[in-house]
Structures are given as structure tokens and as C-alpha cells.
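What follows draws every value from the coordinates through simple rules; no lab data is involved. Quantities reported herein were computed from a predicted structural model and do not represent experimental measurements. Here the Cβ is made from the backbone with ideal geometry for all residues, glycine too, and neighbour counts use every protein chain on show.
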Amino acid sequence: MNFTALSEPEPEVLAKAAQLLQSGSLVSFPTETVYGLGADATNDAAVQAIYAAKGRPSFNPLIVHVDRLETASKLAHFTPEALQLAQAFWPGPLTLVLTRVPTCPLAQTVTAGLPTVAIRVPAHPLAQALLAQAGCPVAAPSANTSGALSPTTATHVQNDLGHKVDLIVDGGSTQAGLESTIVSAYDTPCRILRPGPIAPQDIQSVLGYQPEFASGSTAIEAPGMMAKHYAPRKPIRLNATDLQTGEGLLEFGQSGLSAPQCRNLSLSGDLKEAATNLFACLHQLDHMPITGIAVTPVPHIGIGIAINDRLQRAAAT
Ligand code: TXA
Ligand code: MG
């Protein structure tokens, strides 16, 4: 494993990363949301290596990353609404679940045998450059052991999967901090399978209606939306209004609580900043000498919906 500690990787690093992808190796790279664990999505063995490295159940399909809409349209059928969403939010933190076209070259393992495929065009310049150079669609789940906290820095990837990845492209901390919003758009009305940086109101402004969230019973469509996910090793207590002995504190805004071991998602109460900081704060608290993590309430609006989604899954037992 080569660890390239460069905030702006040199052309040789990107060329090496692209070459590794083409030869079926695993490369971790930054996106604007979290770090991905990438492999050539048309190479069945490479895709299987992703599942093995993450310890991910084979029934949980992966997101395919491409450089632009035109490339995506060779993989899946775009409904009029899907096209509207892609034009509005790509490149960016939106994943569309669409029907595979009959000529789709993706390995069956990428989509876990489903007739649909999750696709996104990431905005991060390093991800863009890598996809363009590799010239293949890249399957990339978040670069963490299945069920564990998502990585927002190269160090997070290194600590969790370092020995299982061929190269980590280091682009510093990711900006959005939460995984992409997943929208099922193969039929109408569209539905949100996973809340994320693109809020329901953003989608409403494009489609003219606010998509519903897929309920728990339809979550089979997004097998990764398991109740327990994104979990630190320490127990999490949500909507805390007090502190129990031994607990560390994860605070949003000025809660009035204080603890010796404490992180604040956003002192000024900014939800976007809180999203950016969420996983890094949880990673840090997880390594502190505390028995659990008390989390103060986060407003359930805009990207706060996605923050609460991740916190609830992290807290699930
Ligand atoms: O921001 C992101 O989306 C990051 C970065 C690396 O791009 N990727 C990511 O991938 O979060 P992952 O594998 O951790 O989450 C993919 C989610 C899972 O919940 C999976 O079940 C769902 O997408 N998914 C994939 N294909 C699907 C499909 N055909 N239908 C429904 N859900 C699907
Ligand atoms: Mg994940």
C-alpha cells in the first residue's frame, strides 16, 4: 500500500491511480461527500474485491461513479425527471437509481443482481480527474469497513482499510461530509432512499413536488439502509439534555452542557458546517477515554435531516 500524503496529488499520482483502476486494483479517492473505495465497475473480480475489503454483504449494491451525464446515459435509462435532476445537480452529491440499459457493461456484482443501478457524477476535482483518466465507470462505496463510520479524510481510510487498498489519493478533508442523497428515479414519483447534502426542498425546486422518503418496508430497494450503520464503537445517546457519568459530548450550537471530552459540530449552529464535521467528530470521540457519546439535538430541517439519519443509524443497537 502506498499512502500519498498530498493535498493536491501530482499528475504522476493520478496517473498511477488511473492505471491501478484499469488493472483491477482498489484505489481510495476523495469525493465532495466522503472518500470512496474504487474499482473498475466493469471488472467483476475487481468489484468482488471491494465487497471483500469492506466485509460488505454481497446483496448490498454499489454506487457507480462516472465523469459526466453522457457517460451515465450509456449505462442506464434516464426518465425525463431523472434527466432534470442530473442536469440540476451533476456534478454533485446526488445519486440516481435508474434502470440498467440492456447493453450496460457493468459487472452484475456492482448492482447485486438488481435491474437498477445507482449512478453519480462526483464534483471533486480529483475524482473528476481520476474518472476521466481511468476511462471506466468506477464502483465506489464509502471507504470503510461495512457498518463503520464513513471516512472524511485519507487518514480515516488509512486507519480502517489501509492494508487492503492499493493506493489512497489524499485530497484533504471532504467538503460535504455526508454521503450523497440517493433518489430512486427510474419511475415517477421519485423517492428519496437516503437523505444527504441535496435536501428535499432542493429536489422540489426542480421537480415541482417534494419526494417522499422510502419507508422502512420498502428499504429493500436500498439494502444499505440498514438500521445499524455508520457506527462508532462507543454507544451513542441521542437528543441528550444532560450528561451521564463517563460520557463524552457531541454538541450542536450552544447547548449549555459541558464535558471534559467534547466536540462541537458547529458552534454557530450552522447545519452545513455540522454535516462537514459529523464523521470527523465521531471518529475523534470514538478514540477518547469515554464510555459513550451524548449528542445534543440537531434541528430536523434541510441537511439536518441527513445528519439525524446518520446519527440514528449510528445509535441503533
Ligand atoms: O457519497 C456517496 O454516495 C459515497 C461516495 C464515495 O460517492 N458512496 C457511498 O456508497 O455512500 P455506499 O456504498 O456506502 O452507499 C451506497 C448506497 C447503499 O445504501 C446501497 O444500498 C444503495 O446505495 N444502492 C446502490 N445501488 C442501489 C440500487 N440499485 N437500488 C437502491 N439502492 C442502491
Ligand atoms: Mg457507506
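Can you list the residues, at least 5 places off or on another chain, whose amide H is less than 5 Å from the amide H of H124, using H built in the peptide plane?
E32
Kindly identify segment 71-130 as rounded, prolate or oblate by the Cα gyration tensor criterion: order the square roots of the eigenvalues as a ≥ b ≥ c, call it rounded if a/c is under 1.5, otherwise compare a/b with b/c, prolate if a/b is larger, else oblate.
In terms of gyration-tensor shape, oblate.
K74: which aspartates and glutamates have alpha carbons under 17 Å from its alpha carbon, excluding same-chain residues fewer than 8 sequence positions away?
By straight Cα distance, K74 reaches D40.
Using θ = phi - 60° and the Karplus curve 6.51 cos²θ - 1.76 cosθ + 1.60, what whole-Hz ³J(HN,Hα) does each residue of segment 253-259 get, with Gly and Pro shown as x?
Result, rounded to whole Hz: x, 9, 8, x, 8, 8, 8.
Roughly what % of Cα-Cα distances in the chain sit above 30 Å, to the whole percent?
Result: 31 percent of Cα pairs exceed 30 Å.
Out of residues 5 or more away from G36 or on other chains, whose amide H comes under 5 Å of its own, with H placed 1.01 Å from N in the peptide plane?
F29, T31, A143
Would you calculate the convex hull of the Cα atoms in segment 45-175 and tell me its volume per residue in Å³?
Details: hull volume 14.5 nm³, N = 131.
Spelled out: Cα convex hull of segment 45-175, divided by residues, is 110 Å³.
Between S146 and L83, what FRET efficiency follows from the Cβ-Cβ distance if R0 is 22 Å, with the result rounded to 0.05?
Values: r = 33 Å, r/R0 = 1.49.
Rounded to the nearest 0.05, the efficiency is 0.10.
Grab the Cα-Cα distance for R68 and A45, subtract it from 0.36 nm times how many residues apart they are, and report the gain in nm with one decimal. Show your work: numbers first, answer last.
Values: separation 23, 0.36 × 23 = 8.28 nm, distance 2.48 nm.
Full extension from R68 to A45 adds 5.8 nm.
Once the piece of chain linking E10 and T245 is laid out straight, how much longer is it, given 0.36 nm per residue of separation minus the C-alpha distance between them? Before the final figure, lay out the partial values.
Numbers: separation 235, 0.36 × 235 = 84.60 nm, distance 4.83 nm.
In short, 79.8 nm is gained.
Can you list the equivalent-ellipsoid semi-axes of segment 118-207, largest first and in whole Å, using the square root of 5 times each Cα gyration tensor eigenvalue?
Taking √(5λ) for each Cα gyration eigenvalue gives 27, 16, 13 Å.
Across bins of 5 angstrom width beginning at 0, how are the C-alpha pair distances of segment 265-309 distributed, in whole percent?
Over segment 265-309, the share of Cα pairs per 5 Å bin runs 5, 21, 30, 24, 13, 6, 1 percent.
Given points 7 Å out from each Cα along the Cα-Cβ axis, report the Q108 to A316 separation in nanometres with one decimal.
So the label points at Q108 and A316 sit 2.9 nm apart.
What FRET efficiency would be calculated for the residue pair Q22, Y209, taking the C-beta separation as r and a Förster radius of 45 Å, to the nearest 0.05?
0.60
What would the Debye equation give as log₁₀ I(q)/I(0) for segment 86-162 at q = 0.11, 0.27 Å⁻¹, counting only Cα atoms as equal point scatterers?
-0.36, -1.30
For the residue pair S258 and Q201, what label-to-label distance in nm results when each label sits 7 Å from Cα along the Cα-to-beta-carbon direction?
3.4 nm
If amide hydrogens are placed 1.01 Å from N in the peptide plane, which non-local residues have theirs closer than 5 Å to the one on I236?
I293
Under the Kirkwood approximation for Rh and a Cα-based Rg, what ratio Rg/Rh is obtained for segment 243-317?
0.93
Indicate, rounded to the nearest 5 percent, the antiparallel portion of the DSSP beta bridges found entirely in the chain.
45 percent
Working from Cα positions, state the angle (0 to 90°, nearest 10) between the long axis of helix 44-54 and the longest principal axis of the chain.
Result, in degrees: 10.
Identify all lysines with a Cα-Cα distance to K234 below 24 Å; exclude those on the same chain that are fewer than 8 residues away in sequence.
Cα-Cα hits under 24 Å: K54.
Treat each spin label as a single point 7 Å out from the Cα along the C-beta direction, and report the A132 to I301 distance in nm.
3.9 nm
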